[in-house]
Amino acid sequence: MSLLEIKNLHANIGEKIILRGINLSVNAGEVHAIMGPNGSGKSTLCQVLGGRDGFEVTEGSVEFDGLNLLDMETEDRANAGLLLGFQHPVEIPGVKNIYLLKESLNAQRKARGLGELDTFAFMKQVRELVKSMQMDDAFLHRGVNAGFSGGEKKRNEILQMLLLQPKLALLDETDSGLDIDALKIVSEGINRLRGSDRGIVLVTHYQRLLSYVEPDFVHILYKGQIIKSGDKSLALQLEAEGYEDILKAAS
Amino acid sequence: MSEQHEIEALVSRDYKYGFVTDIEQEIIPPGLNEDVVRLISAKKNEPEFLLEWRLKAYRHWLTMTPPAWAHVHYPPIDYQALSYYAAPKSAAEQAEIDANRPKSLDEVDPKLLEMYAKLGIPLHERAALAGVAVDAVFDSVSVTTTFREKLAEVGVIFCSFSEAVHSHPDLIKKYLGTVVPAGDNYYAALNSAVFSDGSFVFIPKGVRCPMELSTYFRINAMNTGQFERTLIVAEEGAHVSYLEGCTAPQRDENQLHAAVVELVALDDATIKYSTVQNWYPGDEHGKGGIYNFVTKRGDARGNRSKITWTQVEAGSAITWKYPSCILRGDDSVGEFYSVAVSNNYQQVDSGTKMIHLGKRTRSTIVSKSISAGRSQNAYRGLVHIAKTADDARNYTQCDALLIGDRNGAHTFPYIESKNASAQIEHEATTTKVSDDQIFYLKSRGITEENATNMIVNGFCKEVFNELPMEFAVEAQALLAVSLEGSVG
């Protein structure tokens, strides 16, 4: 049984049709990359899978770890092991990062029938993660993403991911706005989540992230459909030739 | 039925387990004239000076008109239709009331108990709040006596205002109306004429009050009526922390509440006055609810004295309230920390006045307003630096948080400086709880309700930090309940 099974997914925003029949199957242990030009529906796909209001699913189904994902509340999706990494993580001043980390970890542990992690163990784990992401401890006591640079926000997303250890990480343009050093740190973080029991879906414009996090499969999303799938060489071909030829060949 | 509606239904229905009973009280016929004022005073067996004071206030009130400048709207109040006196119940009447009360918590509506649990009300208080016959809960008389003895040992006087009129008339005469004069404003004048009862606190020179006052007494203090009058005096070097109110929803058949609180701090004295207000706010259509028109003022009369107001305002249909400080003594300090939350059709016009008269006086204002539903929430604050107030300083921070897009937050700061050496800072922000923020937190496994609470509590943290510990915990819970269902 695959971890994520998307079948013929159609979705609208208002009158506008964005997703026109997406099929995608992700097994545990696999890394998939979804690439595509602007407006192809990449972010919409992430938002629909995350459970964002405002999108109407008109057709199709999504099964996640045996559950009907589209019937679930956003928080229940998270508690079931889905993590959405945001392209533009929102700023929440007043809520400290450390508080967010603790609340989310405990909410997810509770949903899985586990007790709260004791503060000592929690802090130890968090400090190690902060260090591994080459961030400063002071970050923990700042408001969530408040006044963060683009790179800091993305590192924060990966830090949360590593703490929450999702079964499936769906990372929406995590590489955008990163300089080369930050890209390396973020990529190392993603690679640490890789494992036989987890799946990762990277949504990206560029090949460069994929040099650090090698995908098992690459899919090209265009006008709300996956028009071509292949292995990592597809991403390289895309990088070399641009979208135009591939889109022509596919149409 | 959504959770919001459940809460609404809970707070808006007849409070059959609570304080409202259908037992007839001895009530003076509605209407207000000098005879009624005399009757109130006579019934309470008051000394002549107090009657004269009431009459003077009444005569002044007749010449006044209700303030129209606040950002609130309500139909005119017919003061001749109100009743101004309800006699204390006779033993027989009290027995009948008690007979109708639930005998134990088992007989109380589980939903009400659930709400108390949500608010974190201590177990022994829940029964009393739910109207369970008091002797079945705890012997309140003996509890009161125990604490009174403890207070008396150090010379602290803490009793009802009526009691103090008889036991300490000299103190009442000396301090009553010296902070809020009888004719100060329309509602204060009305209160001065007809006030029912309230609390009196006196901390003698050099004494640090050994406990937070009113924590243990608040249940008993609940039925003090619509025209409450409180006077707190801290002599030289004295310290006191006073807690008013309760997070449990309070219902009252009187729509108009016009209380007066006066604080007097002499040299080196400190008074900390904390309020959690949760009067019935009306239903989700804006029907009913309490009008809370309160005058609270502290006089930092002595040098190096300090007065701190901390308030969490969650209830009432209309709130008109400006706890203020007169910084008369040199080096005196005034502080105002406020969280005002409004939902549905609630209207809040609240803030403070810091009147700097003494040299090197300092004031701090931190006001946080949270508006949800179709509510209107205004901060109104005056910082006045008198000619005499050399080197005075004020710091004001006004933050507004909006939940939804059908409500309004307003800021009306007034700054008057007559002394060039003054330093005045004013900062204001308005932020909105966005769908993006809620979605972000939900995507990490946090429920919508908790997500809102995290944002709101983060926003209010600075004020909650000023509350006594047990109040702070209840206040957080109160905000959560008040805002339930307001997002999404």
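A few notes on this one:
- Qualifying residue in region B:286-299 (condition: assigned to a loop (DSSP other than H, G, I, E, B), touching a Gly at 6+ places or on another chain (Cβ under 9 Å), surrounded by fewer than 23 Cβ atoms within 10 Å (Cβ to Cβ) and on the phi < 0 side of the Ramachandran plot): no
- Check on A:G41, buried (at least 23 other Cβ atoms within 10 Å of the Cβ), away from chain B (no Cβ under 12 Å) and under 20 Å from A:H88 (Cβ atoms): yes
- Residue count for region B:458-468, restricted to those that are buried (at least 20 other Cβ atoms within 10 Å of the Cβ) and within 9 Å of chain A (Cβ to nearest Cβ): 2.
- Residues satisfying the stated conditions in region A:31-43, i.e. out of contact with any helix residue (DSSP H, G or I) (no Cβ under 9 Å at 6 or more places or on another chain) and at pLDDT 95 or above: A:H32
- Restricting region B:402-429 to residues that are polar (S, T, N, Q) and surrounded by 14 or more Cβ atoms within 10 Å (Cβ to Cβ), the residue that is farthest from B:N343 (Cα to Cα) is B:N419.
- Listed by first and then second residue, the pairs linking a residue in region B:36-62 that is under 18 Å from B:E228 (Cα atoms) to a residue that is surrounded by fewer than 19 Cβ atoms within 10 Å (Cβ to Cβ) and small (G, A, S), with Cβ atoms under 7 Å apart and 6 or more places separating them unless they lie on different chains, are B:K43/B:A87; B:A57/B:G183.
- If the condition is being small (G, A, S), more than 12 Å from chain B (Cβ to nearest Cβ) and at negative phi, then region A:106-158 contributes A:G115, A:A121, A:S132, A:A138, A:S149, A:G150, A:G151.
- Applying a threshold of 6 Å to beta carbon distances and a minimum spacing of six or more residues, or different chains, the list of pairs starting in region B:171-193 at a residue that is among the charged types (D, E, K, R) and ending at one that is in a helix (DSSP H, G or I) and surrounded by fewer than 23 Cβ atoms within 10 Å (Cβ to Cβ) reads B:K173/B:F49.
- Test: residue in region B:436-450 that is facing chain A (nearest Cβ under 7 Å), within 31 Å of the chain's Cα centre (by Cα), closer than 28 Å to A:D53 by Cα and of a type in the set (V, I, T): no
- Helices (runs of 4 or more DSSP H) completely within region B:1-90 that count 2 or more residues being modelled with pLDDT of 85 or more: B:34-43, B:48-62
- Meets criteria (more than 14 Å from chain B (Cβ to nearest Cβ), exposed (fewer than 15 other Cβ atoms within 10 Å of the Cβ) and more than 29 Å from B:F464 (Cβ to Cβ)) for A:G60: no
- In region B:211-267, the residues that are modelled with pLDDT under 80 and either at positive phi or of a type in the set (D, E, K, R) (or both): B:S214, B:R218, B:G225, B:G245, B:R251, B:D252, B:E253
- Within region A:83-99, the residues that satisfy the criterion of being part of a strand (DSSP E or B) and either more than 19 Å from A:V186 (Cα to Cα) or at the interface with chain B (Cβ under 7 Å from one of its Cβ atoms) (or both) are A:L84, A:I92, A:P93, A:G94, A:V95, A:K96.
- Only one of B:R362, B:R304, B:R380 that is in contact (Cβ under 8 Å) with a residue 60 or more places away in the chain, touching a strand residue (DSSP E or B) at 6+ places or on another chain (Cβ under 9 Å) and surrounded by fewer than 24 Cβ atoms within 10 Å (Cβ to Cβ): B:R380
- In region B:414-427, the condition of being modelled with pLDDT under 90 and either within 11 Å of another protein chain (Cβ to nearest Cβ) or touching a strand residue (DSSP E or B) at 6+ places or on another chain (Cβ under 6 Å) (or both) is met by no residue.
Here's the yes/no breakdown for (1) surrounded by fewer than 20 Cβ atoms within 10 Å (Cβ to Cβ); (2) within 11 Å of A:L83 (Cβ to Cβ); (3) more than 13 Å from the chain's Cα centre (by Cα):
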{"residue": "A:M135", "(1), (2), (3)": "yes, no, yes"}
{"residue": "A:F148", "(1), (2), (3)": "yes, no, yes"}
{"residue": "A:E152", "(1), (2), (3)": "yes, no, yes"}
{"residue": "A:L159", "(1), (2), (3)": "no, no, no"}
{"residue": "A:K167", "(1), (2), (3)": "yes, yes, no"}
{"residue": "A:D181", "(1), (2), (3)": "yes, no, yes"}
{"residue": "A:K184", "(1), (2), (3)": "yes, no, yes"}
{"residue": "A:D197", "(1), (2), (3)": "yes, no, yes"}
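- In this structure, B:N453 does not satisfy being surrounded by 14 or more Cβ atoms within 10 Å (Cβ to Cβ), more than 7 Å from chain A (Cβ to nearest Cβ), farther than 25 Å from A:G81 by Cα and not basic (K, R).
- Selection from region B:429-488 of residues that are more than 24 Å from B:Y379 (Cα to Cα), among the hydroxyl-bearing types (S, T, Y) and touching a strand residue (DSSP E or B) at 6+ places or on another chain (Cβ under 9 Å): B:Y440, B:S443
Residue-wise test of (1) out of contact with any strand residue (DSSP E or B) (no Cβ under 8 Å at 6 or more places or on another chain); (2) not polar (S, T, N, Q).
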{"site": "A:D181", "(1), (2)": "yes, yes"}
{"site": "A:K184", "(1), (2)": "yes, yes"}
{"site": "A:S187", "(1), (2)": "yes, no"}
{"site": "A:S196", "(1), (2)": "yes, no"}
{"site": "A:I200", "(1), (2)": "no, yes"}
{"site": "A:R208", "(1), (2)": "yes, yes"}
{"site": "A:E214", "(1), (2)": "no, yes"}
{"site": "A:I220", "(1), (2)": "no, yes"}
{"site": "A:I227", "(1), (2)": "no, yes"}
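- The set of residues in region A:212-242 that are in a loop (DSSP other than H, G, I, E, B) and without any contact (Cβ under 8 Å) to a residue 60 or more places away in the chain comprises A:D231, A:G242.
The values are calculated or read from the model by the stated rules, or taken from the named source; none is laboratory data. Source: prediction; values computed, not measured. So basically every Cβ, Gly included, is an ideal-geometry build from the backbone, and we count neighbours across all protein chains shown.
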